[in-house]
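Okay, structure first, notes after.
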There are 2 protein chains.
Amino acid sequence: MEANNNFARQLQGLPEGQSLENCPVRQVMQGIFSKWSTLLLQALGERPYRFGELRRLVPDISQRMLTQTLRDLERDGYVYRTVHPTKPPSVEYGLTSLGQSMLVPLKELVDWATSNFSDVRAARDAYDADANG
Amino acid sequence: MEANNNFARQLQGLPEGQSLENCPVRQVMQGIFSKWSTLLLQALGERPYRFGELRRLVPDISQRMLTQTLRDLERDGYVYRTVHPTKPPSVEYGLTSLGQSMLVPLKELVDWATSNFSDVRAARDAYDADANG
DNA sequence: CAGAATCCTCTACGATACTG
DNA sequence: CAGTATCGTAGAGGATTCTG
């Protein structure tokens, strides 16, 4: 019995004959792990925020990417967007129940990253030192 | 009291005065979520594999990216690499204890993605349909 | 206030060819 | 077998300017 070419598919819960390009796991993951999404999801996990509040909360993000990331998160169903027709307008963003559900395992990974960053950094430094030595 | 500019830093466990660019959480995350890393980590979570075995396991990956992803995972301390000086050479890859530790929360996220993909897809379809309507 | 539009850069990734 | 080296492309993301 040779190595099974469908192993990767099985790992990702992919039905037979479907490409890895459309892999469910990857599709979900790529939505969560754009440059700013994890940070924004964590912020919205505390309470809903308005657009301008989020800008001040995460001053390093460009306006363009804030808009786009929020749109992507909205599209995937993690975030709702409510426009209050005031003047000037005010827009509120918050987590949907799907977003709250997803944030649970995501937070565990974030916690792991926080707790084990020193080990990762040490491994990196050792690897790089070895390459230069 | 205006919105606190250091909120994002606090969320990511960043000490005062340190840039988000070097944020521990993001540094760890970006290592885990390159295009192929999650898949490879899951594979190596089963048992160690040789380079060629991994290629056959994940036929869609290019040789270049397989090498590079494994190197990155090795650099971050998740994966070990053992060269057996046979002829022709054989190289074994496997999870370190750090990698096994990280795979625990990662798997929970993968499981969430698998379980909730239909909801995410439904949200996407609804969003896209609305945009075209 | 909350964005849309445009332009530009940088890097992730793939394809291909070669090697100890 | 397990890579390295080189080239080319698409997309992510930043900076800037304009608007209902």
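Please treat every number below as a calculation from the coordinates, not as lab data. This one's a predicted model, so the numbers in the text were calculated from it and none came from an experiment. For neighbour counting, all protein chains shown are included, and Cβ atoms are generated from backbone atoms with ideal geometry for every residue, glycine included.
Key figures
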| item | result |
| --- | --- |
| Exam field: A:GLY45 pseudo-label spacings to other copies (7 Å along Cα-Cβ), nanometres | 1.9 |
| Gain in span if fully extended, A:GLN63 to A:PHE51, counting 0.36 nm per residue against the direct Cα distance | 3.4 nm |
| Ascending list, in nanometres, of distances separating the B:ASN116 label from those of the other copies (7 Å, Cα toward Cβ) | 2.2 |
| Chain B, rotation onto A, residue closest to that axis via Cβ, with its distance in Å | B:PHE33, 2 |
| Segments A:59-65, B:81-87, B:66-72 sorted - mean Cβ within 10 Å per residue, highest first | B:66-72, A:59-65, B:81-87 |
| Other protein chain Cβ atoms within 10 Å, averaged over every residue that makes up B:110-118 | 6 |
| By average C-beta atoms within 10 angstrom, highest first, the peptides B:104-114, B:118-128 | B:104-114, B:118-128 |
| At 7 Å out from Cα toward Cβ: A:ARG81 inter-copy label distances (nm, ascending) | 4.3 |
